[in-house]
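Enquirer: Supplied in structure tokens, the structure appears directly below.
Bear in mind these aren't lab numbers, they're just calculated from the coordinates by the rules spelled out. This structure is a prediction, so every number in the text was calculated from the model and none was measured. Cβ placement follows ideal geometry from the backbone for every residue including glycine, while neighbour counts extend to all protein chains displayed.
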């Protein structure tokens, strides 16, 4: 799912241009908020993060719509990242284990799955 997050800092400002940008970018669901970015407790942003599932994407029109300072941005990004799926799905794990059993090197399997050597070493049957 591709989500969008639109925020304007004051109730007098219009969200329509931000929403139009996000729709044009392919967002299927857009969460809207009229609240200052300095407020850490933004209900719609928290709702968005809670809805995220592995493989989902979030699009914002401008970085300062998500956060006003770097530390807050990093905290939000970390929360979103925690929602991401493991490097290897169960199907890909079984396939990688079969390739190891067939004699293929872990290094070549790691490259083809874009995973780390540590991930691969945890796949031992």
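Enquirer: Need the C-alpha centroid separation for the range 98-113 versus the range 5-53, integer Å.
Expert: First find each Cα centre; the distance between them is then 43 Å.
Enquirer: Kindly identify the range 2-81 as rounded, prolate or oblate by the Cα gyration tensor criterion: order the square roots of the eigenvalues as a ≥ b ≥ c, call it rounded if a/c is under 1.5, otherwise compare a/b with b/c, prolate if a/b is larger, else oblate.
Expert: oblate
Enquirer: So how tilted is helix 90-101 from the main axis of the chain? Cα-based, degrees 0 to 90, rounded to 10.
Expert: The answer is roughly 30 degrees.
Enquirer: Given Cα pairs under 8 Å that are at least 6 residues apart, what percent is the relative contact order of the chain?
Expert: Dividing the mean separation by the residue count of the chain yields 23 percent.
Enquirer: Let me have the 222 nm mean residue ellipticity of the chain computed from DSSP H runs of 4+ only, each contributing -39500 (n - 2.57), with the sum over all residues rounded to the nearest 500.
Expert: -13000 deg cm²/dmol
Enquirer: For the residues 28, 34, 93, what sequence is obtained by ranking on other C-beta atoms within 10 Å, fewest first?
Expert: Lowest count first: 28, 34, 93.
Enquirer: Contact order normalised by length for the range 16-77, with contacts defined as Cα pairs under 8 Å and 6 or more residues apart; what percent is it?
Expert: Computed value for the range 16-77: 37 percent relative contact order.
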